[in-house]
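Step one of this worksheet: look at the structure below.
The values are calculated or read from the model by the stated rules, or taken from the named source; none is laboratory data. Here the structure is a predicted model, which means the values were calculated and not measured. Glycine also receives a Cβ, built like all others from the backbone with ideal geometry; neighbour counts cover every protein chain displayed. Surface accessibility is based on the protein's heavy atoms, side chains included, excluding ligands, DNA and RNA. Shrake-Rupley method; radii C 1.70, N 1.55, O 1.52, S 1.80 Å.
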Protein chains: 2
Amino acid sequence: MENGAPADTGDNGEKGLHGRVLESLGPAITAGDYPPGTVLRTDELAQRFDVSRTVIREAIRVLESMQLVASRRRVGVTVRPTEEWNVYDPRVIGWRLTGRDRPRQLRSLTVLRSAVEPVAAGLAATHATPAQCAQLTEHAMGMVATSRGQQLDAYLVHDMAFHRVVLTASGNEMFARLADVVDAVLTGRTQHHVMFTDPDPAAVTLHVQVAEAVRTGDAARAESLTREITAGAMAELDVLAP
Amino acid sequence: MENGAPADTGDNGEKGLHGRVLESLGPAITAGDYPPGTVLRTDELAQRFDVSRTVIREAIRVLESMQLVASRRRVGVTVRPTEEWNVYDPRVIGWRLTGRDRPRQLRSLTVLRSAVEPVAAGLAATHATPAQCAQLTEHAMGMVATSRGQQLDAYLVHDMAFHRVVLTASGNEMFARLADVVDAVLTGRTQHHVMFTDPDPAAVTLHVQVAEAVRTGDAARAESLTREITAGAMAELDVLAP
DNA sequence: TCGGCCAAATAAGTATGACTTTTGCGTCAC
DNA sequence: GTGACGCAAAAGTCATACTTATTTGGCCGA
């Protein structure tokens, strides 16, 4: 209801010239087109993109804040090694998901999810408001309703909403901010699913049970059930990330 | 050995004028000095900091990339609500840790840590290289050696190094990038510790056992032992975050 | 021959002013 | 009261000149 934004990874539709430069350089760097150590010169970039140096500098500042590059006087803008990137930046995540090492990224995110979500569910069991419990059961029911007959898109919407509520209801802002990550993982799963394969009924049941556990305040049960869900996601991984 | 950087949260020592503006605006915003909805005008800021608009704009771009503010034409730069901030950005974390809601932030991070570290330890048990196992036991021994006689600083160094190795050895880049967060949590703990209180011997023993579990490839044991460690950290929380 | 020091070249950083574009808001007509 | 119109405000863009830090390399002395 309050979610009018597109279900994508983060902020699409960059505005302004510097945004367009960013949308070009970001994916290129994260895809490895510019290996670590590569130096970019601002004047050269200004020429290449046919914009002023001002615009380039603003884009560079953003790239720098993501730790993708480092700008040093007299030397230029150098691409930093992968290990130093701000891999939690939503845009970096999005870029890597559309790029070459999408499988690798999907694995990382799924593992992260499998660590976080169970704990979040446990916390949700003690922190969730009645309204959040209601939303949880609502979306669980929605999943049940759309789990048969090739309604994968509708199912996905409920699935994402369900997990978003769990993460939000945990009361931990760090967990809540991972909702977009989970969205990306779930979306990626659906996209690579065989188109006519309905969701696993067992997984649907688990979601219903999690909703119930949270509603009744059974933290241990909510956590362990969610661990089963994420374990399932981990199991699917070998199919998705070759 | 390879860590010559100061043990702080992230990149200290911002260089350039825009960096100085950032170091002033960032903490102010994250501390709540500018409530969400507050509008800042670029030329006003340029006057206030006595720099050119160019510099201000670059700082704004970075703030914008952290989702701390949104810049819109004809309206100005508006501070965004807390829920939209990029709370995983190392600088945002650092700013919040030095600001007003440090306790709240410390809680969030500790909870996150308690979710992630056990899983990371489990993975480390199957992924760690012999060299990493060696480092692990080395630092565990270091913790034992410094656990008595008011050597808290030396103990902290080993503690941080130990957990950094665990997170790195997990083989998951997302986990590895949380090492700074764990550093911050551990540092915060030591700082607020009563100065003459030696570390809990039980915790020290747990670290030694984790190192052993990882070395012998016992994933389940490594995970469960680490869960005990983080549970301890959670228990201490009520003292640290009033 | 080696080592350190100084100077020139270079590329990012900063400042400034003029111009463009978007858009909130008030006004005026219907 | 509602809609269209236009003004003005503020960010966005650009070109240019100037500053500063840093690398490189050559020069000079030990």
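Key figures
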read-out	value
Residue satisfying condition, being at positive phi and buried (at least 16 other Cβ atoms within 10 Å of the Cβ), within set A:188, A:149, A:171, A:217	A:171
Test for residue B:96: is it away from DNA strand C (no atom under 16 Å from the Cβ), in a loop (DSSP other than H, G, I, E, B) and either at pLDDT below 95 or not assigned by TED's automatic domain parsing to the domain that holds residue B:182 (or both)	no
Qualifying positions in segment B:24-59 - without any contact (Cβ under 8 Å) to a residue 40 or more places away in the chain, more than 9 Å from DNA strand C (Cβ to nearest atom), among the polar types (S, T, N, Q) and open to solvent by less than 70 Å² (accessible area, probe 1.4 Å)	B:24, B:42
Single match in A:62, A:21 (criterion: part of a helix (DSSP H, G or I) and either within 11 Å of chain B (Cβ to nearest Cβ) or open to solvent by 50 Å² or more (accessible area, probe 1.4 Å) (or both))	A:62
Residues satisfying the stated conditions in segment A:71-112, i.e. within 16 Å of DNA strand D (Cβ to nearest atom), hydrophobic (A, V, I, L, M, F, W, C) and buried (at least 16 other Cβ atoms within 10 Å of the Cβ)	A:77
Hey, residue A:198 part of a helix (DSSP H, G or I) and touching a Ser or Thr at 6+ places or on another chain (Cβ under 8 Å) or not	no
Any hit, segment B:125-143, residues being assigned to a helix (DSSP H, G or I), polar (S, T, N, Q), within 14 Å of another protein chain (Cβ to nearest Cβ) and under 22 Å from residue B:200 (Cα atoms)	no
Verdict on residue A:178 being aliphatic (A, V, I, L, M) and either closer than 23 Å to residue B:83 by Cβ or surrounded by fewer than 21 Cβ atoms within 10 Å (Cβ to Cβ) (or both)	yes
